[in-house]
Amino acid sequence: MKAVYIERHGGPEELKYGDQPDPVAGPGEVVVDIHAASVNGADWKVRSGQSYRKGQFPHVLGRDFSGVVSALGEGVTDLRVGDPVFGVTEASREGAYAEKIAIKAAIVANKPDSISHVDAAALALAGLTALVSVEDTLKLRDGETILVQGGAGGVAAFAIQLAKHIGARVITTARAANHAYLRALGVDEIIDYTAQDFTKVVSGCDAVFDTVGGDVTERSFAVLKPGGRAAFIASGPEAPKPPRSDVRSLRPNVARDRPHLERIVALVSAGAVKPPEITLFPLAEAAAAHRVSEGRHFRGKLVLTVR
Ligand SMILES: NC(=O)c1ccc[n+]([C@@H]2O[C@H](COP(=O)([O-])OP(=O)(O)OC[C@H]3O[C@@H](n4cnc5c(N)ncnc54)[C@H](OP(=O)(O)O)[C@@H]3O)[C@@H](O)[C@H]2O)c1
């Protein structure tokens, strides 16, 4: 099969498009013929060696995908060959930038025809991360106020819509060019972080969801009211230490499972969450997608089309 892989860490030029062995479904696994795979911020961090996770080489990148089941491993009874499915690889495995992937059946979910393969790939890890962060970790409630840092990103698009669906007031940060897009997602208040310091104009938040990292992480604690909680997904595997004792700092544990993927389907099917804006690249042009991802100022999601 064709895949995009690295033989060593480095820049986007290290991404090779070529033949890799076809995966085989082990016990409890299925092989999925991938139609679309998404590009996540983690991918260029793994590629360049900046991730806390290190792979063996050759290493096929990619964490989420949508496709069609083409083989069943021993013991798989709840999926059939021909089923459209989508999913996210286990935290310790990757391999979605490829024509095929072997993955545990228990962590993929059926994809309804009403959601395209491209949209399902774009929604999988971003949606899973947003659900685990906003619902399971922050436990956001109706009537609360949340600041979502980095509103124009893929995880944030899902998180903003989910927070509105829960009944929260949503504030976000983004460059002015992204404000119309964010208003269409339902955001109540947008701060142009290039013109205003969010710590000067936001206060009394019940929750913060930080998808940006760096100094934004440190400064996010300032906007919380006493008893507030903040969740961080862009500042490493541990929750950052808060500079004050009356708030909680949380690092969502984004485990992979089918129920969360089914919740994504339910929210999208109900119209509560729309897929983010998507920019497409053919699989063979993954390097170009990485250059855009690494720039950290594109809107929505980048998706690789595979077949
Ligand atoms: N399981 C996990 O823990 C998990 C899963 C998925 C993603 N992540 C991490 O979560 C982060 C977000 O990923 P993503 O794919 O949603 O988006 P991303 O590609 O990392 O971020 C893109 C967005 O960030 C915005 N941005 C950049 N600097 C900003 C700043 N200082 N303030 C506000 N916005 C800023 C940009 O919008 P503007 O053009 O408006 O600046 C851009 O639209 C990444 O670090 C990723 O590695 C973690």
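How far apart, in nm, are two points set 7 Å out from the Cα along the Cα-to-Cβ line at ALA255 and at ASP113? Placing both labels 7 Å beyond Cα along the Cβ direction yields 3.5 nm. From the largest down, the chain spans 54, 39, 35 angstrom on the principal axes of its Cα atoms.
Taking every Cα-Cα distance in segment 71-199 and sorting them into 10 Å bins starting at zero, the pair-distance distribution P(r) comes out as 11, 34, 28, 19, 7, 1 percent. Helix 258-269 axis versus longest C-alpha principal axis of the chain: approximately 70°, rounded to the nearest ten. Per residue, the chain exposes 41 Å² of accessible surface when a 1.4 Å probe is rolled over the protein heavy atoms with every protein chain present. With respect to the chain, whose longest principal axis is taken over its alpha-carbon atoms, helix 117-130 is tilted by about 50°.
For the chain, the relative contact order works out to 20 percent when only alpha carbon pairs closer than 8 Å and six or more residues apart are counted. R0 = 51 Å: FRET efficiency of VAL201 with VAL81, Cβ-based, nearest 0.05? Calculated value: 0.40.
Once you sort the root eigenvalues of the Cα gyration tensor of segment 1-106 as a ≥ b ≥ c, which label holds: rounded (a/c under 1.5), prolate (a/b larger than b/c) or oblate (the other case)?
The shape class here is prolate.
A straight chain from ARG219 to LYS16 at 0.36 nm per residue would run longer than the Cα-Cα distance by 69.2 nm.
For the chain, modelled as a GNM whose springs connect Cα atoms under 10 angstrom apart, the maximal fluctuation among ASP192, ASP246, ASP33 occurs at ASP246.
Summing +1 for each Lys or Arg and -1 for each Asp or Glu, what net charge is found among the other residues whose Cβ lies under 10 Å from the Cβ of GLU294?
+3
Using only Cα atoms, find the angle between the long axis of helix 286-295 and the longest principal axis of the chain, and express it within 0 to 90 degrees, rounded to the nearest 10. Orientation of helix 286-295: about 10 degrees from the principal axis. Beta bridges per DSSP, both residues in the chain: antiparallel share near 55 percent.
With a cut-off of 14 Å between beta carbons, the residues surrounding ARG256 carry a summed charge of -2, where Lys and Arg count +1 and Asp and Glu -1. Per the Debye formula on identical point scatterers at the alpha carbon atoms of segment 51-143, with no solvent, log10 I(q)/I(0) at q = 0.10, 0.21, 0.22 Å⁻¹ is -0.31, -1.11, -1.16.
By accessible area, using a 1.4 Å probe on protein heavy atoms only, the chain has 50% of its surface on carbon and sulfur. When the Cα convex hull of segment 125-229 is projected onto planes of every orientation, the mean area is 5.9 nm².
The values are calculated or read from the model by the stated rules, or taken from the named source; none is laboratory data. Source: prediction; values computed, not measured. So basically every Cβ, Gly included, is an ideal-geometry build from the backbone, and we count neighbours across all protein chains shown. Just so you know, the surface numbers come from the protein's heavy atoms only, side chains and all, with ligands and any DNA or RNA stripped out. Shrake-Rupley method; radii C 1.70, N 1.55, O 1.52, S 1.80 Å.
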